């Protein structure tokens, strides 16, 4: 039953796990498709409607001065709606004489925007607004407004997609005309889509990655979103769930099956298994904790070392730039370093005042350098100083370096800020902990199965020994255990087999001695009982012979009396022989179905002839008193005990009370009297076959009753004190006809 229960639970849990796994797979596929659509769609309908309205306002505005135009566009028109706060807005007024300077090169403003819109596919929203399909998935619009016959106003709107910057598991690539233009993530996309595993739209599974391909045929664009498909922990986790659920189901089953007793057995087998599993669990947990702490410290140290190296490189580049340009106020170069090393940079002068920064909202910073850093750099002449700080309620690590001039004199203080990247490696540590827990549970599940198999095989001989020892009988043959092992259990089995042989030999000797002693005692008893009537018989015959020799006239009269006495003695010898013959015939058994209460009533009626003794019978009339046994043998048991009670009472007023109870599996009969009781020294002999305390009788009745009840599987006990009567308790199993 237990195996079937566990098998059914296992099948159900596997089915549930497969269902949820498939559901998770489908949900992941849907998310990938949604993400691909999100990347492919670079338009913003709400933005377009709002921008078209503002363009109409700009066209109706009298814009003349170029500087006032740019300022008014950026600070007035696009501050009205909340949607524009997510866009970077740059306004440029171009004519034939307007040029852009970049890296010592000049570009015509009009040619720049013309080439920008020709290289990247643009979607015309209106005559003045265009959606630029650049290589990145970000949203990019250009508004082109004619101010007058010679000047054109270009307004650039650029918005990054935050969902991409927060991307963790996905990789994606954007192909334009089959050529890779942009990619994010760890997957190495080929430069040409034709070298990819497939070019057809839909889901495709590779060896390690699953890919979703989305084709935008109108624009010649292909979006490929990829995610690891063989993430083995997604298969390990269900197994850990199955193991925990099975373990819980097993404990609940055992708990309720054992009437809510402890689910842990107190056997050596269970203790050994539990000890091994607890040892493995503690070992796994200890290894996990040590690995977690080591990994956390290692990541922290590695992060600090990398941050220090980058900050030191920034310091060197700033010093080199200061030597060439002799300026610490070059914001463009500082922005370049920020984008290169992904950190924020502040520069403080010798008075500790902030003179340059890459932080957009400088009001989040203090105007002066941190006091501890100032003391470390200026007073203690430290090579660098590092400390944890909080800026705008966000933790960060700040590195402070001295910036030296050509004369190696202190020129400024460099502050490199790395905002708390712990969230990223905290996620990694959390994933590690979760994965390790799943691994532990799976390993414990596998270990449990292995431990169960090994211990069951190892301890199987002990189980056999336990079963065989339970079958050991002193009066029969005991089967030896067949075990070939040479270990400690093999030695124990060998000793058990030797013990069985010695026990059988001892039992045979004991049985033989008991039989011999019993027959000797029986012979002495028979001889004693026979000698008692033989002596008077011999004397009577010798007396008759003497009268015959004397020719005594009273011979005839004495002959009749003597003959009568001899006949009485012969009857006595016959009774003795019959009693021992009946005892020798036990256990003759002829079972029938009868009512045990009716048998007690008839037995009491047979012996209820003494005027000084009162009988009583107590029983429940609602109970069923049928049983299947030898009615005559049970009657002998009741008769012998009642007869002994009558003899124990003697001539004094007495009572014999009989109570019978139905105890479901057996009948209990208590027969009590107020007779003379049993002496303490006689209690151990009361059921011996040749023991009696009466002048008449052979001491066979109680012995016969004891053997009858014992051979039925019942028992006879008694309680008695000398002078206070006795109570005999008979427990007889309730047998039914098959």
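Quick notes on this one:
- Cα→Cβ-extended label distance, 7 Å offset, between residue 407 and residue 22, nm: 8.1 nm
- Cα→Cβ-extended label distance, 7 Å offset, between residue 209 and residue 484, nm: 5.8 nm
- Reduced Cα scattering model of the stretch 89-224, Debye log10 I(q)/I(0), q = 0.22 Å⁻¹: -1.31
- Note that the stretch 586-733 shows a convex hull volume over its alpha carbon atoms of 109 Å³ per residue.
- Computed over the stretch 85-160, the Cα gyration tensor eigenvalues convert (square root of 5λ each) into semi-axes of 20, 16, 12 Å, ordered from largest to smallest.
- Multiplying the residue separation of residue 312 and residue 96 by 0.36 nm and removing their Cα-Cα distance gives an extension gain of 73.2 nm.
- In nm, spacing of pseudo-spin labels at residue 286 and residue 371 (7 Å Cα→C-beta vector): 4.8 nm
- Extended-chain gain in nm, criterion 0.36 nm per residue less alpha-carbon gap, residue 4 and residue 717: 252.1 nm
- Taking other C-beta atoms within 10 angstrom as a stand-in for reagent exposure, 270, 171 fall in the order 270, 171, fewest first.
- Translational diffusion of the stretch 264-466 was estimated from the Stokes-Einstein equation, with Rh taken as the Kirkwood radius over Cα pairs; at 37 °C and 0.692 mPa s the coefficient is 154 µm²/s.
- The residue 651 and residue 617 beta-carbon pair, evaluated with R₀ = 22 Å, returns a calculated FRET efficiency of approximately 0.40.
- Taking 456, 729 and counting other C-beta atoms within 10 Å, the order from fewest to most: 456, 729
Each reported figure results from applying straightforward, stated rules to the coordinates on display, with no laboratory input. Since this is a predicted model, take the numbers as computed values, not measurements. Quick reminder, even Gly has a Cβ in these numbers, built from the backbone with ideal geometry, and neighbours come from all protein chains shown.
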